[in-house]
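Worksheet for the structure shown next.
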Amino acid sequence: MIKKCLFPAAGYGTRFLPATKSMPKEMLPIVNKPLIEYAVEEALDAGLTEMAIVTGRGKRSLEDHFDISYELEHQIQNTEKEKYLTDIRRLINECTFLYTRQVEMKGLGHAILSGEPMIGNEPFAVMLADDLCLNLDGDPVLAQMVKLFKQFRCSIVAVQEVPRDETHKYGVIAGEPMRDDLFRISTMVEKPKPEDAPSNLAIIGRYILTPDIFDILRDTPPGKGGEIQITDALQQQAKDGCVLAYKFKGTRFDCGSAEGYVEATNYCFQNVYKNV
Ligand code: G1P
């Protein structure tokens, strides 16, 4: 029912300079797999097969990654090294990849709106690849959200509790609890100071959006940082209808920070890579 997943991937990755000077931050590896590949895998495991990637200048290696490299295939054919390509081959075989470029950097909301021609008039997921989410004992996070969407049929954001002094890094929500892990959102604020935060429930980079969000985004004025914020558009959608916040099961690593990146690397080395 939800087939498409949008990956905003045009950002400069300034927090990881100089590594990201000529390489997209989405290609930074966690052990041996780039961040974008973990995200595409999570989308496919949730049943989504059309991957719509919003790129920018200097991001060509993203397209090459999800394509066949004939030389390489030829070189390692029938050798023991073929096993290293098993995962990426599955993605290339089972998914379709679409690309567009975000020409100006005007915020996450603007990046999502740039993807509209690839999405059209249907509900879709949005994943931010630098939030790596793992749930090794059960459904991946996006699959959990797709299940919820089937039931509620409205936009859903993934949230987690964060320390109060970190609210300025996130979109923060407040809402009416519907269950222990589900809220109907009443308020959303982009990157509030701790004293202005409506709660400590922070949005992380997993969204399911209904397509009316595009019209709302078109009318959303620049907000925090002078950028068009998806949080502001969702606040409008919540006022007009319903937006849910879901406390997901699993672990999220902020791979946009050095600390989260190292944590994710250690975790994946111990729990994923060594078990393959
Ligand atoms: C974006 C969103 C923010 C959200 C965060 C999750 O911020 O604007 O609402 O909490 O992603 O990672 P960014 O981290 O791109 O500044």
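Given a Förster distance of 22 Å, report the FRET efficiency between K106 and H168 from their Cβ-Cβ distance, rounded to the nearest 0.05.
Plugging the Cβ-Cβ distance into 1/(1 + (r/R0)^6) gives 0.60.
Report the relative contact order of the chain, percent, no decimals, based on alpha-carbon pairs under 8 angstrom and at least 6 residues apart.
Reported relative contact order: 23 percent.
Check the cysteines of the chain one by one and keep only those with no other cysteine Cβ under 4.7 Å from their own.
Taking the Cβ cut-off of 4.7 Å, the unpaired cysteines of the chain are C5, C95, C133, C255, C268.
How far apart, in nm, are two points set 7 Å out from the Cα along the Cα-to-Cβ line at L85 and at K249?
3.7 nm
Taking H placed 1.01 Å from N in the peptide plane, check which residues at least 5 places from G47 or on another chain put their amide H under 5 Å from its amide H.
Residues meeting the criterion, in which the H sits 1.01 Å from N, do not exist here.
First measure r as the distance between the Cβ atoms of R184 and N121, then evaluate 1/(1 + (r/R0)^6) with R0 = 25 Å and state the FRET efficiency to the nearest 0.05.
So the FRET efficiency works out to roughly 0.55.
Can you give the net charge of the other residues whose Cβ lies under 12 Å from the Cβ of Y261, counting K and R as +1 and D and E as -1?
Surrounding charge for Y261 is -3.
Whose amide H sits under 5 Å from the amide H of V243, counting only residues 5 or more places off or on another chain, with H placed in the peptide plane?
Residues meeting the amide H criterion: I185.
Going 7 Å from the Cα of D219 along its beta-carbon direction, which residues of region 231-260 have the amide nitrogen within less than 17 Å of the resulting point?
231-243
So if R0 is 22 Å, what FRET efficiency would N78 and N32 give, r being the distance between their Cβ atoms, rounded to the nearest 0.05?
After rounding, the FRET efficiency stands at 0.55.
Once amide H atoms are built 1.01 Å from N in the peptide plane, which residues 5 or more positions from V159, or in another chain, come under 5 Å H to H?
Under 5 Å from the amide H of V159 lie the amide H atoms of I204, Y246, K247, F248, each far enough along the sequence or on another chain.
Please give the calculated 222 nm ellipticity per residue for the chain, where each DSSP H segment of at least 4 residues contributes -39500 (n - 2.57) and the sum is spread over every residue; nearest 500 deg cm²/dmol?
Helix-only estimate at 222 nm: -9000 deg cm²/dmol.
Any read-out appearing in this document is the output of simple, stated calculations on the displayed coordinates, not a laboratory observation. Keep in mind the model is a prediction, meaning the values are calculated, not measured. We place every Cβ from the backbone using ideal geometry, glycine too, and count neighbours over all the protein chains shown.
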